[in-house]
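All of the numbers you see were taken from the coordinates with simple rules; none came from a lab. Since this is a predicted model, take the numbers as computed values, not measurements. Methodologically, a virtual Cβ is constructed for each residue, glycine included, from the backbone with ideal geometry; neighbour enumeration extends over all protein chains shown.
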Amino acid sequence: MKYISTRHGSQGSPAPLDFEDVMLAGLARDGGLYLPAEWPQFSKAEIAAMKGKPYVEVAYRVMKPFVGNTFDESTFRRLIAEAYASFETPEVAPVKPLGDSGMHLLELFHGPTLAFKDVALQLLGRMLDHTLTARGQHATIVGATSGDTGSAAIEAVRDRKTIDIFMLHPRGRVSEVQRRQMTTILAPNVHNIAVQGTFDDCQDLAKACFNDLAFRDRHALTAVNSINFARVMAQIVYYFWAALKLGAPDRPIAFTVPSGNFGNAYAGYAAKQMGLPISHFVIAANSNDILARFFEQGAMTMTGVVATYSPSMDIQVSSNFERLLFDMYGRDGKALADAMTAFRSTGTLKVGANALGGVRELFDAGRVDEPGTLAAIADCLKRFGETIDPHTAVGYAVAQHHRRDPKTPMVVLATAHPAKFPDAVQKAIGVRPALPARLADLLDRTERVDGLPNDAGALKDMIDDRMAAAKPRVKVRT
Ligand SMILES: *Cc1c(COP(=O)(O)O)cnc(C)c1O
């Protein structure tokens, strides 16, 4: 399988790449996002044959066409098995009915850091390490996080000799649980940096590292944020998994996705393109509702970001949305590149009525405000006895208004464990959810973190210094 950039045909576009290079590169050099030139197709019989199989088997079958020959069969099976052995339940992603409402929770938070990002990152960390080891190479991950991505990425690559990770977070602006899930990982290849600034400042600092091509090449910088296609690939699996549990391929299934960067929802769209019978998606947003406004009005307009109870969805622009826009632009990379450039300068992108009509057949969207989020947590507990986190609550609240057909099961993606956001949950139901046993001592663990001003030069100096110091360690093994 070959991968192309969403901006292919524009200036600096790479030739089509294999999976291995796409995984290592993250973002394409023309500024676009990679996706497969064609979606692999699963027949009804092939989907039916996965019924009742364990999660890791479904994962192998769904992902095999994407990785091609990057891994041999036994290696790929082993990486998958190891990745999902880190989850607390052998089911990996349990599907729980909400009474007889026809709604279901797909629990994606049983991994090491209690949010759905572990599902993709636990596998990506292992795939990267395997590939780098085989090539005798070392890579450096530089990333910015407002919370969940950072801990999931750190947990995925901790103690790997082939990778160093520098993770920037805005000092004092992530929750204590989120910060400690990063800073208590004392592995020598993990570098936590608290930046004097906002999340956007952190992102700009990370970008400055990537835009300095000499620096980028010197350290073999790589990105594991949600624009990395390998993450999308791993997320496709649980759409198949949940749909199979609820009667696919003989019956259509609907999904509601609490969305920020649109990575998770895009994986669902991919599953649909591959042949999974999905009736429709509901894109659920908090007050930062750029996506909901797009599906309503056909225009994407940038506004400021407000802080909410569901911080992992507090985004200004959804980075993965470019992949869906690519299809709306008739897969014309040049036209999309021009539209994205204009969007960056004007703050608005409009699509035509035809393109909008097409995606609206498949996507509904809605938003819920802060009181609505807390009310949804309380409502779900009262009606169904389930305590949900504020991100899941956004999905739960929006889903109720978008059941197109009451006979079609509606799956709400439960993206985080309630204990990851205890303040909001306590506010909603008066009870503070307890951390799972394996994280019970999180608040007592030793932290290690460096402070840094909002200054790209200081960051690059730090990375240069650390990596110079680390060199002997790398050399010993090569
Ligand atoms: C990252 C995240 C989201 C948003 O997912 P996207 O793929 O960015 O749309 C939702 N909920 C939680 C808990 C998250 O960590």
> Of all the C-alpha pairs in the chain, what % are more than 33 Å from each other?
Replying inline: 33
>> Need one number: % antiparallel among DSSP beta bridges in the chain, to the nearest 5.
In response: 25
>> Students often get this wrong, so check it: of LYS53/LYS117; LYS96/LYS407; LYS51/LYS420; LYS51/LYS272; LYS117/LYS161; LYS44/LYS382, which have C-alpha atoms separated by over 29 Å?
In response: LYS51/LYS420; LYS44/LYS382
> How much length, in nm to one decimal, is gained on full extension between LYS96 and ALA468, taken as 0.36 nm per residue of separation minus their Cα-Cα distance?
Replying inline: 129.0 nm
> Given 0.36 nm per residue, what is the gain on full extension from GLN137 to LEU443 after removing their alpha carbon distance, in nm?
Replying inline: 106.6 nm
> What's the local net charge at ASN454, with K and R +1, D and E -1, over the other residues with C-beta under 9 Å away?
Replying inline: -3
>> For a Förster distance of 35 Å, can you work out the FRET efficiency between the beta-carbons of ASP159 and LYS44, rounded to the nearest 0.05?
In response: 0.20
> R0 = 25 Å: FRET efficiency of ALA456 with GLU176, Cβ-based, nearest 0.05?
Replying inline: 0.35
>> Taking R0 as 56 Å, what FRET efficiency do you get between ARG77 and GLN11 from their Cβ-Cβ distance, rounded to the nearest 0.05?
In response: 0.85
> GLN196: net charge of surrounding residues, Cβ under 14 Å, Lys/Arg +1, Asp/Glu -1, itself excluded?
Replying inline: -3
> Which distance in nm do the two modelled labels at ASP405 and THR348 give, with both placed 7 Å along the Cα-to-Cβ direction?
Replying inline: 3.8
> Going by a ≥ b ≥ c, the root eigenvalues of the Cα gyration tensor, does segment 328-401 fall in the rounded group (a/c under 1.5), the prolate group (a/b larger than b/c) or the oblate group?
Replying inline: prolate
> About its Cα centre, what dipole magnitude does segment 1-116 give when the only charges are +1 on Lys and Arg Cβ and -1 on Asp and Glu Cβ, stated in debye to the nearest 20?
Replying inline: 220
> What does the charge dipole of segment 92-139 about its Cα centre add up to, to the nearest 20 debye, if the Cβ of each Lys and Arg holds +1 and the Cβ of each Asp and Glu holds -1?
Replying inline: 200
> What is the local net charge at VAL411, summed over the other residues whose Cβ is closer than 12 Å to its Cβ (Lys, Arg +1; Asp, Glu -1)?
Replying inline: +2
> Where in the chain lies the longest segment free of GluC sites (Glu not before Pro) that are both loop residues by DSSP (not H, G, I, E, B) and have at most 13 other Cβ atoms within 10 Å?
Replying inline: 39-446
>> As I understand it, the dipole of the chain uses +1 on the Cβ of Lys and Arg and -1 on the Cβ of Asp and Glu, about the Cα centre. Which of HIS402, SER101, ILE388 lies farthest toward its positive end?
In response: SER101
>> Checking the a/c ratio against 1.5 first, then a/b against b/c, what shape does the Cα gyration tensor give for segment 272-368?
In response: oblate
